[in-house]
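Here is the structure we will look at.
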Amino acid sequence: MRIATFNINGIGARLPRLLEWLDEFGPDVVCLQEIKTQTDSFPRLEFETRGYACAVHGQKGFNGVAILSRIGLEDVSIGLPGDETDEQSRFIEATVGEGRSAVRVACLYLPNGNPQPGPKFDYKLAWMRRLIAHARAELARERPYILAGDYNVCPRDEDVWDVAKMADDALTQPESRALFHELLWLGFTDAIRTFQPKGHAFTYWDYQAGAWNKDWGLRIDHMLLSPQAADRLAAAGIDRKPRGREKASDHTPVWCELSNSRTSA
DNA sequence: ATGGTTGATCCTCAA
């Protein structure tokens, strides 16, 4: 089972590139962030004709998340619990796969938080605390669970192309990192760092200043696996090819491969 | 010293 996460920065502007990548990479499940469209305007048919069911949590102009799956898509849940006044579309969950191989997949778009300090940074930290509470409850269910998406957090200095230039950014603040690690240490496995324990493993390059060509990147897109999912983790990686193309998103896909569940305990 | 880019919508904001 191949699961990917991809911040596409606008489904309208990215649809041809996304379809091309689906055909070429063949993921079974894709978590999309920043679709930047309302739920009703999401181009479902384009995916359904390729065999993918869609679960969409859209928003006009900003944010918006979706899960595509060609191996079943059940029990869709919209929104991150913990604040009924939060109107931003940043979280959606669904169960994919069949029977013993089923996996609960969460697709998240964590608030950017810039500028900091300020209300946007406060919102980011509060959102992260809600995510931790929700993740703790999910882990207690002891089932395969994946938290995939754009976290807008560089966990460590090696996840930043230039630490000094990013020193005042919300993505590298000690508070952001502390909450990310609080989440991770609940018992999750960072899929990319399982296979690339050290050094640069960038997933995002700014559009400005030729950042892509100079490899001035950040690692902010992550896949965190519960113990029951990590038991099945066979491979993980970053597909850099889409970032180098015309009309690219500023992010590139992160993926992992899960084996089927063991047949006996 | 501060530039530089993209997407969606409204005449700017968010990233």
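A count restricted to region A:75-104 and to residues that are closer than 13 Å to residue A:55 by Cα and either in contact (Cβ under 8 Å) with a residue 60 or more places away in the chain or surrounded by fewer than 19 Cβ atoms within 10 Å (Cβ to Cβ) (or both) stands at 6. Checking region A:164-185 against the condition returns no match, with no residue being part of a strand (DSSP E or B) and of a type in the set (A, V, I, L, M).
Condition first: assigned to a helix (DSSP H, G or I) and either within 13 Å of DNA strand B (Cβ to nearest atom) or among the acidic types (Asp, Glu) (or both). Can you find one or more residues in region A:50-69 that meet it? Within region A:50-69, none of the residues are assigned to a helix (DSSP H, G or I) and either within 13 Å of DNA strand B (Cβ to nearest atom) or among the acidic types (Asp, Glu) (or both). Scanning region A:2-26 for residues that are within 11 Å of residue A:255 (Cβ to Cβ) and surrounded by fewer than 22 Cβ atoms within 10 Å (Cβ to Cβ), we see that the one that is farthest from DNA strand B (Cβ to nearest atom) is A:2. Taking region A:202-229 as the range and being among the aliphatic types (A, V, I, L, M) and surrounded by 20 or more Cβ atoms within 10 Å (Cβ to Cβ) as the test, the residues that pass are A:218, A:220, A:223, A:224, A:225, A:229.
Number of residues in region A:155-184 that are exposed (fewer than 14 other Cβ atoms within 10 Å of the Cβ) and among the hydrophobic types (A, V, I, L, M, F, W, C): the value is 4. Among the residues of region A:251-264, those identified as at pLDDT 95 or above and either buried (at least 19 other Cβ atoms within 10 Å of the Cβ) or of a type in the set (Gly, Ala, Ser) (or both) are A:251, A:252, A:253, A:254, A:255, A:256, A:258, A:259. Residues that are charged (D, E, K, R) and under 12 Å from residue A:228 (Cβ atoms) within region A:89-106 comprise A:100, A:104, listed in sequence order. Looking only at residues in region A:104-118 that are hydrophobic (A, V, I, L, M, F, W, C) and either touching a Leu at 6+ places or on another chain (Cβ under 6 Å) or assigned to a loop (DSSP other than H, G, I, E, B) (or both), the one that is nearest to DNA strand B (Cβ to nearest atom) is A:110. What do you reckon, is residue A:72 away from DNA strand B (no atom under 14 Å from the Cβ), farther than 21 Å from residue A:256 by Cα and buried (at least 16 other Cβ atoms within 10 Å of the Cβ)? Criteria not met by residue A:72. Would you say residue A:33 is modelled with pLDDT of 95 or more, in contact with a Gly (Cβ under 8 Å, 6 or more places away or on another chain) and within 15 Å of DNA strand B (Cβ to nearest atom)? It is true that residue A:33 is modelled with pLDDT of 95 or more, in contact with a Gly (Cβ under 8 Å, 6 or more places away or on another chain) and within 15 Å of DNA strand B (Cβ to nearest atom). In this structure, does residue A:44 turn out to be surrounded by fewer than 21 Cβ atoms within 10 Å (Cβ to Cβ), modelled with pLDDT of 95 or more, among the charged types (D, E, K, R) and in contact with a Cys (Cβ under 8 Å, 6 or more places away or on another chain)? The answer is yes for residue A:44.
The single residue among A:245, A:240 that is within 16 Å of DNA strand B (Cβ to nearest atom) and modelled with pLDDT of 95 or more turns out to be A:245.
The values are calculated or read from the model by the stated rules, or taken from the named source; none is laboratory data. Remember, predicted model here, so these are calculated numbers, not experimental data. Note: ideal-geometry Cβ built from the backbone for every residue, glycine included; neighbour counts use all protein chains shown.
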